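> So that we are looking at the same thing, I have put the structure below in structure tokens.
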Amino acid sequence: MLRSGQERILIEPLLIDVANEVGRHFGRSHSFTCIEGLAVTTDPGRLRAILVNLIAAAARSGDESGFAVDAMLVDRVASILVTWTSSSPAVELLNGDPGLSLAQTLTRSLGGDLQLSDGDERDRIARLTFPQQRDSDAE
């Protein structure tokens, strides 16, 4: 049974919409992958706000190479990875970007988690996770 304000949301169309919108706004290219049928049960408005703030932070702080968004299911947890290249360390970005801070707060209020880390050299990786399953597994 769904709690008030929650819906089962397919990730792929929402991510495509947000990534395209943010990419156009900031003039950044992006790549995108998502497993078919990946969905989460959550507040749709808050999820959109999380994704907009997270992806916009990547576009704002990243270089002209753009960003990548990958959505997958790992151990029954929906995971969305946003990667980009930035000269600022991850901890500095998280503490200095109000959009990332808001995305993290909203994610945790919905029972998910948002972690930002440094990858190789100047790569930054944001991992957004929600315990969930694919539509086909929920039936």
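> Would you confirm whether or not the range 18-29 contains a residue that is surrounded by fewer than 15 Cβ atoms within 10 Å (Cβ to Cβ), in contact with a Leu (Cβ under 9 Å, 6 or more places away or on another chain), at pLDDT 90 or above and not in a loop (DSSP other than H, G, I, E, B)?
no
> Which one is nearest to G45 (Cα to Cα) among residues in the range 91-112 that are hydrophobic (A, V, I, L, M, F, W, C) and surrounded by 19 or more Cβ atoms within 10 Å (Cβ to Cβ)?
Top of the filtered list is L106.
> Looking only at the range 1-17, count how many residues are free of Cβ contacts under 8 Å to residues at least 60 places away in the same chain and assigned to a strand (DSSP E or B). Before the answer, list the steps.
If we filter the range 1-17 for residues that are free of Cβ contacts under 8 Å to residues at least 60 places away in the same chain, which is where we start, we get 1-7, 9, 12-14, 16-17.
With the extra rule that they be assigned to a strand (DSSP E or B), the set shrinks to 7, 9.
The qualifying residues number 2.
> Next question, about the same structure. Please work out which one of (1) under 14 Å from A126 (Cα atoms); (2) out of contact with any strand residue (DSSP E or B) (no Cβ under 7 Å at 6 or more places or on another chain); (3) not polar (S, T, N, Q) is the condition L14 fails and give its number.
The single condition L14 does not satisfy is (1).
> Anything in the range 1-54 that is farther than 18 Å from G66 by Cα and in contact with a Cys (Cβ under 8 Å, 6 or more places away or on another chain)? List them, or say none.
If the condition is that a residue be farther than 18 Å from G66 by Cα and in contact with a Cys (Cβ under 8 Å, 6 or more places away or on another chain), then I11, E12 are the ones that fit.
> Here are the criteria: (1) crowded, with 17+ Cβ neighbours inside 10 Å; (2) modelled with pLDDT of 90 or more. Tell me which single one Q115 does not satisfy.
For Q115, the failing item is (1).
> Name the residue, out of T41, T33, that is assigned to a strand (DSSP E or B) and free of Cβ contacts under 8 Å to residues at least 40 places away in the same chain.
T33
> Determine, yes or no, whether S109 is farther than 14 Å from V18 by Cβ, touching an Asp or Glu at 6+ places or on another chain (Cβ under 7 Å) and of a type outside the set (A, V, I, L, M).
Answer is no for this residue.
> For the range 25-65, which positions are of a type in the set (S, T, Y) and closer than 20 Å to R76 by Cβ?
Matches in the range 25-65: T33, T41, T42.
The values are calculated or read from the model by the stated rules, or taken from the named source; none is laboratory data. None of the values given here were measured: they were computed from a predicted structure. Glycine gets a Cβ as well: all are built from the backbone with ideal geometry, and neighbour counts include every protein chain shown.
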